[in-house]
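First up is the structure itself, then whatever we jot down about it.
The values are calculated or read from the model by the stated rules, or taken from the named source; none is laboratory data. Everything quoted here is computed from the prediction, not taken from an experiment. Cβ sites come from the backbone with ideal geometry, for glycine too, and all protein chains shown count toward neighbours.
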Amino acid sequence: MADRRGILLGAAALLVAPGALAQHAGQHGTAPPDLPGANPSRDPFALLQGGTPHHLTGDQEAQRDIASPAPAGPAGRWVERAPLPIPRSEMAWSAVWADRMHVIGGYGEGRVDRPYHHVYDPAGDRWLTGAPLPRGANHVAVVADAGRIYALGGFTEQNRNADTNAYAYEVGADRWTRIPPLPRSRGAGAAVALNGRIHLIGGASDPKQERASVGWHEAYDPVSDTWSVLKPLPGARDHVGCVAHANRIHVVGGRFNTFEYNTPLHHVYLPDRDTWEERAPLPTSRSGHGLVLYRDRFYAMGGEAGIVERGRITQAKVFGQMESYDPKTDSWTSHAPMPTPRHAVAATVIGDWIHVAGGGAVTGGAVQSAVHEAFTLG
């Protein structure tokens, strides 16, 4: 498979010293290099156990939930785009640089610690293979800034066993470097860039058996190559949506420890005061959703919920709602739902399109998806 060939290319993707990375700090506008192509998957879904192709059952399709309590706004429209090279999920977010979407880590092919790095080029509606993550993990927090993509923390077991690994990918050179490790191990945190610093907020950490949510808020400064501790997120949670806008950081939704305890909480961080304030809550309580900034509004899509009883998931829901927030009026609106509801998606904005790729097709990590759909109001 094309993505397997890409993983082998990791031997040539050197981990360079921080000083070498700093030499390229001015390449904000540098075009990405030519990367090997990756064929789109012919199978939209695959089982985690064994990594085999899968057709959703009637019961699994019945998990889909698309009704929103928010007032209706412009519907917009969804279109299909080139599927991911393999069905995968639990990447937990994605990043965009130079009009290309980078999808890193996650579950796939029967494993939960994959170093995948797939790159979507909308100009050719095609997928490429970037240098693989130095260490495979799921629920890695990623964000792009100043020509680099940061990959922070993650789990090396299925939603468990958080680590402190931190890497920066130099887009113009297709290579990774280590940066100072996280002050505390965690996965499923949210990464966002603001004023030259990389903020890592929330997530989940030890004890492994409980995978407890945290409210930690730490920031990495690429200039000093150091981490600092800032005021924690009110209401510790993970699998949140997070965006930066107007010199503020918004953290929306998420869960307390598990998707049984989803929350609609919406907090905004004010960096000049190092404090948090509440804003209008997310209409549909969910976790594992995407959140992007599009046309000066925040768009939330996807997510999951369920109840675990004696080791089985009941009342399972996979959300397809598309709800947007207007920071000027502190209010939410609903739009056309996702054609294929999913959670743990890769969601980014390129041009006038919101791209949503991959994700879990059922509650939990049992079924991965290669589905790639894009939304526009245009």
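Some points to look at:
- Selection within the stretch 321-339 - among the β-branched types (V, I, T) and surrounded by fewer than 19 Cβ atoms within 10 Å (Cβ to Cβ): T329
- Under the condition of being under 21 Å from the mean Cα position of the chain (by Cα), buried (at least 16 other Cβ atoms within 10 Å of the Cβ) and outside any loop (DSSP other than H, G, I, E, B), the residues counted in the stretch 30-79 number 6.
- Scanning the stretch 171-226 for residues that are more than 19 Å from the chain's Cα centre (by Cα), modelled with pLDDT under 95 and closer than 16 Å to G153 by Cα returns D206, P207, K208, A212.
- The stretch 119-129: number of residues that are in a strand (DSSP E or B) and either out of contact with any helix residue (DSSP H, G or I) (no Cβ under 7 Å at 6 or more places or on another chain) or more than 24 Å from G147 (Cβ to Cβ) (or both): 6
- Total residues in the stretch 80-116, condition outside any loop (DSSP other than H, G, I, E, B) and not hydroxyl-bearing (S, T, Y): 12
- Considering residues of the stretch 340-364 that are within 21 Å of T284 (Cβ to Cβ) and in contact with an Asp or Glu (Cβ under 6 Å, 6 or more places away or on another chain) only, the residue surrounded by the fewest Cβ atoms within 10 Å (Cβ to Cβ): T363
- Looking across the stretch 81-100, the residues that are within 18 Å of V371 (Cβ to Cβ) and surrounded by fewer than 24 Cβ atoms within 10 Å (Cβ to Cβ) come down to R81, A82, P83.
- When residues of the stretch 317-339 are limited to those that are assigned to a strand (DSSP E or B) and touching a His at 6+ places or on another chain (Cβ under 8 Å), the one nearest to H266 (Cα to Cα): Y325
- T258 vs. criteria β-branched (V, I, T), out of contact with any Cys (no Cβ under 9 Å at 6 or more places or on another chain) and within 17 Å of N138 (Cα to Cα): yes
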